[in-house]
Structure formats: structure tokens, C-alpha cells
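Inspection log for the structure reproduced underneath, given as C-alpha cells.
Every number in this text was worked out from the coordinates using simple rules, so none of it is lab data. Keep in mind the model is a prediction, meaning the values are calculated, not measured. Cβ coordinates were reconstructed from backbone atoms using ideal geometry, including for glycine residues, and neighbour counts include every protein chain displayed.
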Amino acid sequence: MAIGDVYSTNLFSVELGKFQVETVQSVTPPTSQLDVVETGQISATGEPVVRKQPAPHPQSGEITVTRGMDKSRAFTEWINTSLEQRDIDSARQNVTIVQYDVNKKPVIRYHLTNAWASQLQGVDLDASSTSPATEQVTITYEECTIERA
């Protein structure tokens, strides 16, 4: 790519554990941020000093995956482990969202640690709609690390 070109946002995949789950319709981007802790101190001269520093642990977060109803069985079983069986310990897995360039080479990976499905929103039932049947899955994670190619 030439300098100044941007990557396409419509080429991406979702990996659950060691295998690619499926191609999905959309994924909200994960966020990576540090909480800020503010501490007050008194200097040697008696003046108040306010310090800001990063919290000791990275912030957790959520993403939403929109997918077709007839997609990956493995992903569906993982969702069911979280939501129907409520077995979060078994459901916790590392999830990776990979964005590709126009030549289908990975350019960025978002690694979500200890992720599990926390919400499932089914398809809107509308007799007059011609839209495809999609569902939205909210995935909660403990930490997000970003790997750039």
C-alpha cells in the first residue's frame, strides 16, 4: 500500500480459540484503555500535589458481533455454553478479531482474553421485512491487546 492509503474495514474474521469461526456481518471495535488513578500527596514543603497514574490492571470491555442465523456450529455451541448452561468457566476462551488488507494479509489483530458471550439478541420478526435473519452476540472480555502487522 502507498503511504496515506487506509485499510478496508470490510475484510475481517473472528477466531475462537485456535480456529476461525466464521465470516460475520459486523463487529463493534474493541477498545483498549487504561483506567486512571488519581492520588493526592503533600510535598516536602507542605504543598498539595495531585498525581495521576495508570491503574494496575487493564480495563475489560465488550464487543458486539452481528452474524447470520445459519452460521458456525462451534460458535453457536460456545454461546450456548455461556448463556444457556451458564458455565462461564468452560466458556472463557481467547477470541481474536483479524482485519485484513485488500490482499487478504492480516494488518491488525485484536486479542480478547478470557472472553465469553454475555448477551444474545435474536432476529427481529417482521413479516414485511426482506432483511436477512441476523442475531447479535455481546462478548465480554477481561483484556484486549492489539497486534499490528
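Worth a mention:
- Degrees, to the nearest 10: 73-83 long Cα axis against longest axis of the chain: 50
- Scanning the chain for trypsin sites (Lys or Arg not before Pro) in DSSP loops with at most 10 neighbouring Cβ atoms within 10 Å leaves 19-85 as the longest stretch between them.
- Cut-off of 10 Å, at most 16 other beta carbons, DSSP loop: longest stretch of the chain lacking such GluC sites (Glu not before Pro): 1-83
- Choice from Ser26, Ser129, Ser72 showing the highest fluctuation, given a GNM over the chain with Cα pairs closer than 10 Å: Ser129
- Most mobile listed residue (Gly40, Gly17, Gly61) in the chain, GNM with C-alpha springs under 10 Å: Gly40
- Calculated FRET efficiency for the pair Ala133/Thr64, C-beta based, R₀ 22 Å, to 0.05: 0.85
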